[in-house]
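Participant: Pasting in a structure now, in structure tokens, and then I'll have a few things to ask.
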Amino acid sequence: MMKFSPIRLLLASCALLLTFTPSMAQRQAADTLGYENQRQKVNELLTQRSQRFGQFDESLKRRTGIFGLKTKKDMQASIDILKQIVLMDNDIFRETKMLLDYKDFEKSQIADQASEFDGRINGYIKTISKLQLQQEQLASEINGLEKTNQIYEGIAVLLGLILLGGITYVFINRQKLTKT
């Protein structure tokens, strides 16, 4: 029967875990990259909105009419820029929601991985405990067999001594009988 020490089992489980770590790290890097891309997209939209708002401020100050009054064209330009700002706000909200969904997805994925790892670790702990118990049982069996073996060796030595004593006794008695 093959012996499994807890240390060997632990090393084997660590090696198995390290085998899967690079693929999970690559997947997590891809998820983080997607999140970063989405965040960058939202930041670009916010920058564009800020620029549009600057244009809106300029259009409000623009007065091309007689006596420095605003014309209908000036007001329409301000309204158009304001519409663009509102549309951009809608885009920002949509992209921000996607960004938050991305973050929620990453959190749930991390939670799933953590529970999966906990399950694996608990399985490893149970296996190690089971193997330690088996190792202790086998060690006690070995001790019992060694004691039994010592008893048999003692009996064999005793029987050998008795046999040797008997042969010596017979040999000495024969010599006494042949001398007499």
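The values are calculated or read from the model by the stated rules, or taken from the named source; none is laboratory data. Since we're looking at a predicted model, the values are computed, not measured. Backbone-built Cβ (ideal geometry, glycine too); neighbour counts: all protein chains shown. For the accessible areas, the whole protein counts, side chains as well, though only heavy atoms, and no ligand, DNA or RNA atoms are used. Shrake-Rupley method; radii C 1.70, N 1.55, O 1.52, S 1.80 Å.
Participant: Please work out the average accessible area per residue across segment 74-180, using the 1.4 Å probe convention, and give it in Å².
Facilitator: On a per-residue basis, segment 74-180 sits at 80 Å².
Participant: Between ASP101 and LYS73, what is the FRET efficiency for a Förster distance of 41 Å, r being their Cβ-Cβ separation, to the nearest 0.05? Walk me through the numbers before you get to the answer.
Facilitator: Numbers: r = 42 Å, r/R0 = 1.03.
Computed FRET efficiency for ASP101 and LYS73: 0.45.
Participant: In the structure shown, do any of LYS103/LYS126; LYS83/LYS107; LYS126/LYS147; LYS41/LYS107 have a Cα-Cα gap over 25 Å, and if so which?
Facilitator: Violating the 25 Å Cα-Cα cut-off are LYS103/LYS126; LYS83/LYS107; LYS126/LYS147.
Participant: Also, I was wondering about something else. So for the pair ILE121, THR178, with labels modelled 7 Å out along Cα→Cβ, what separation do we get in nm?
Facilitator: Taking the simple label geometry, ILE121 and THR178 are separated by 8.4 nm.
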